[in-house]
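The values are calculated or read from the model by the stated rules, or taken from the named source; none is laboratory data. Small disclaimer: the values here were computed from a predicted structure and weren't measured. All Cβ positions, even for glycine, are placed from backbone atoms using ideal geometry, and neighbour counts span all protein chains on display. Surface accessibility is based on the protein's heavy atoms, side chains included, excluding ligands, DNA and RNA. Shrake-Rupley method; radii C 1.70, N 1.55, O 1.52, S 1.80 Å.
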2 protein chains.
Amino acid sequence: MNYFSSNFKLGILGGGQLGKMMLYDTRKFDIYTCVLDPSADAPSRLACDEFTVGDLLDYDTVINFGKNVDVLTFEIENVNVDALESLEKRGVKVFPSAKTLRIIQNKATQKLFYRDNEIPTADFSRFAYTSEIDEAVDNGGLSYPFVWKSARFGYDGTGVKVVRGLSDLTDLPNVECITETLIPFKNELAVIVARNEQGDIKTYPVVEMEFHPEANQVEYVICPARIPDDIAKKAELVALKTAEAYKHVGLLAVEMFQTENDDILVNEVAPRPHNSGHYSIEASYTSQFEQQLRCILGLPLGNTESKVAGVMVNLVGAENHTGNVVYKNIEDILAMDGVTPHIYGKKQTRPFRKMGHVTIVNEDIAVARDIAEKVKRTIEVISE
Amino acid sequence: MNYFSSNFKLGILGGGQLGKMMLYDTRKFDIYTCVLDPSADAPSRLACDEFTVGDLLDYDTVINFGKNVDVLTFEIENVNVDALESLEKRGVKVFPSAKTLRIIQNKATQKLFYRDNEIPTADFSRFAYTSEIDEAVDNGGLSYPFVWKSARFGYDGTGVKVVRGLSDLTDLPNVECITETLIPFKNELAVIVARNEQGDIKTYPVVEMEFHPEANQVEYVICPARIPDDIAKKAELVALKTAEAYKHVGLLAVEMFQTENDDILVNEVAPRPHNSGHYSIEASYTSQFEQQLRCILGLPLGNTESKVAGVMVNLVGAENHTGNVVYKNIEDILAMDGVTPHIYGKKQTRPFRKMGHVTIVNEDIAVARDIAEKVKRTIEVISE
């Protein structure tokens, strides 16, 4: 099939920022795109050919949308997987596959998958309900501290909590969940793997993530990670093994811990373009968004190397500011060398809300890192 | 004024490829955009906030469109300048200015402007009608060969002809025109100058252009130009002087000849993003489209240096092919290192029609140039 013909239609479930950034690259390739999103104001409403408002979790809505496209993908995991399976049976190419998404949607299933495939990950226990945890503690099957994660719909830190004692347990939702050994780690790393239907596979460089202590959101992503080559190589191999295990088609962002004794453990994965790959728009030969298209359209994979070093800063709403957003001092950061803001266009800010990101590129990663700190100190996402 | 507020509106006259590529960057900055174009199918209809169909040459249409925006720009020179002047009087910021556009729209006025401002350019004569030329030849005021240019609406080679004898004159349109001394040159060079309202000014590296012999369209643009530093410096200074003379606000693409004795002569200018700057999307720290926004919005200018070397190949329709376009072997060029196609989405091809461009980036310009030739030999823009 000629992906550059006007008969071809690419469907995207979700019309948020990730979808929007991917749509820029569909334009470059002149690919006809259809987007489904629950919100009429979704960022992707601009830049797609057909925009449909509808519930991504409703079986019939997803079927009716998906049956009219040739290739179907998603920019968010929280979609109706049964519908994706039916569409696959009807011959629609769904990438990443429904099978992969079903595993990833549930953190317990995801962890079992790693265990079954001998992919290194933190030890864990499964619970049908949070209320069953303290019994396990009483029986000595589990001991504080540990990490609690709701099995479903965890995103950007919500649904994750470090539990140091009974009191931390009481205010948690009583849902299907897992507990994980609390891993003391040196670094949080991520590797984005790109794989197409033909099985061609490439990895982006290992990136290093710095988290905001309170918001539990990534604050800086640094590419390449400032770690020894042997650790980077180890992380790359774990990421490759993970993508191969899923027989993944598309991008797979693999988040990992580098433990204090330099083991690499998979934390979790995202089957889509990822915040840890935003730097690639400015720094890489092939941006993660173009690469995702190449993967799901069965095109040759692009070069994943970097032209220059990159650091990404997430723009999150300042504390104590809720209301119409103002990007204070944005002109000042635009005057800094190699700085590109990406404003997501959300009109309302609130504390720690993800409002955009800024990429800083430079031939020297140390310089990029310094400018990134200056950016962070300078721009303020506040309310009017 | 806060350019990042939703109250701000940027108006763009023309919804073609240049406008479309600029719109990607308005999204990045979340700038509200309004586009006016005569065609309901204009590429920019996607990716702008408000799309209006209307005649760019009709005074009232341009006034009614322009009076509702804060800053007005254009992606094509062929617009109603009287309307731009009236809008300036009403307080709309028109960048580049109506005054500049009026000079550039008429090649005779443009040449006089260079003469008045001591900007080096080929000697020329003005004629109210082509029919007056042979008289000038008879009087010995002009001698073959020379270059004939219609004063108005010359674009991509149309309206330009090398005249070697009377027979060449006869089939030319009888319009206001100029004749220029035919300059034997080593290279055609271009420099894109960026200048904002505050007077901050930067130049992109000098690029080298190779033209297609028959179509008289740029076939390769090579950045940086493979010329001695002193020549590059000279070209850069001429371009700066030209932009300063216009007190230009926005991008000014200055096309120049490097003569056989290494003089630099200005051929013509374009007051907008330009084909000779497309390489900047992949190769530069700041693409020409983001830079144009920075210029006309009074933002600090971005870094004009390159991350890597770049070569651009124009994709034009193959000879003897007219009809529904097919990009034969596009998958093959996607497998080449550092190759990014930009397909403009025109459904119909015809000989030499500009259908897109391909950028090739590499740390080594010689490698990029080799791959560019391979791209040129591989992809074919043909009809079904």
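Per-structure values
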| item | result |
| --- | --- |
| Options A:Cys295, A:Ser276, A:Tyr344, ranked by Cα towards positive dipole end of segment A:223-344, top entry (Cβ charges) | A:Cys295 |
| Cα shape, segment A:51-102, gyration tensor, a/c 1.5 rule | rounded |
| Globularity ratio of the protein assembly as shown, using Cα Rg and 2.2 N^0.38 Å | 1.03 |
| Rel. contact order, % - alpha carbon contacts under 8 angstrom, at least six apart, chain B | 12 |
| Exercise: per-residue mean of other protein chain Cβ atoms within 10 Å, A:27-40 | 3 |
| Per-residue ³J(HN,Hα) for segment B:344-355, Karplus 6.51 cos²θ - 1.76 cosθ + 1.60, θ = phi - 60°, Hz, x for Gly and Pro | 7, x, 6, 7, 10, 9, 8, x, 6, 5, 6, 9 |
| Cβ-Cβ FRET estimate between A:Glu118 and B:Val53, R0 fixed at 41 Å, reported to 0.05 | 0.10 |
| A:Glu260-B:Glu305 pseudo-label distance in nm [points 7 Å out on the Cα-to-Cβ vector] | 4.2 |
| Cross-link reach list, lysines versus A:Lys328, counting only Cα pairs under 26 Å and skipping chain neighbours closer than eight places | A:Lys20, A:Lys346, A:Lys347, A:Lys354, A:Lys374, A:Lys376, B:Lys9, B:Lys28, B:Lys93, B:Lys202 |
| Where the protein assembly as shown is the region considered: accessible area per residue in Å², 1.4 Å probe | 38 |
| Amide hydrogen neighbours beyond the local backbone of A:Val163, cut-off 5 Å, H modeled | A:Phe146, A:Val147, A:Trp148 |
| Copies compared at A:Thr181 - label distances in nm, ascending, label defined 7 Å from Cα in the Cβ direction | 8.4 |
| Amide proton proximity set for B:Arg353, modelled H, under 5 Å, gap of 5+ | B:Gly317 |
| Selection from B:Thr73, B:Val308, A:Phe211, by position along the positive dipole direction of the protein assembly as shown (Cβ) | B:Thr73 |
| Number of partner chain Cβ atoms within 10 Å, mean per residue of B:324-331 | 4 |
| Distances in nm from A:Lys347 to the matching label points in the other copies, shortest first (labels 7 Å along Cα to Cβ) | 3.5 |
| Where B meets A: accessible area buried, both sides, 1.4 Å probe, Å² | 3500 |
| 3J(HN,Hα) from dihedral phi, segment A:299-314, Karplus parametrisation 6.51/-1.76/1.60, rounded to Hz, x for glycine, proline | 8, x, 6, x, 4, 9, 6, 9, 6, 8, 6, x, 10, 10, 10, 6 |
| Interchain or long-range residues, amide H under 5 Å from B:Val35's placed H | B:Ile12, B:Glu50, B:Phe51, B:Thr52 |
| In sequence order, calculated HN-Hα J values of segment A:160-169 (Karplus, 6.51, -1.76, 1.60; Hz; x Gly/Pro) | 10, 8, 7, 9, 9, x, 3, 4, 5, 6 |
| Whether segment B:1-92 is rounded, prolate or oblate, judged on the alpha carbon gyration tensor where a/c under 1.5 counts as rounded | oblate |
| Mean separation of Cα contacts under 8 Å (6+ apart) over length of segment A:96-162, as relative contact order % | 29 |
| Principal axes of segment B:251-320: Cα extent on each, largest first, Å | 40, 36, 24 |
| For q = 0.12 Å⁻¹, Debye-computed log10 I/I(0) when each Cα of segment B:141-268 counts as one equal scatterer | -0.53 |
| MRE, 222 nm, helices only [DSSP H, n ≥ 4, -39500 (n - 2.57), over the protein assembly as shown, to nearest 500] | -8000 deg cm²/dmol |
| Ranked packing of A:58-71, A:351-364, B:140-153, most packed first, by mean Cβ within 10 Å | A:351-364, A:58-71, B:140-153 |
| Spin-label pair B:Ser383/A:Ala136, simplified geometry with 7 Å Cα→Cβ offset, distance in nm | 6.9 |
| Portion, in percent, of the accessible area of chain B that falls on carbon or sulfur, probe 1.4 Å | 48 |
| Size of charge dipole - segment A:111-211 - debye, nearest 20, with Cβ of Lys, Arg +1 and Asp, Glu -1, no other charges | 180 |
| Globularity ratio of segment A:314-384, using Cα Rg and 2.2 N^0.38 Å | 1.10 |
| Test item: B:335-344 mean partner chain Cβ contacts at 10 Å | 5 |
| Cα centre as origin, Lys/Arg/Asp/Glu Cβ charges: the protein assembly as shown dipole, Debye | 860 |
| Anisotropy class of chain A from Cα gyration tensor, a/c 1.5 cut | rounded |
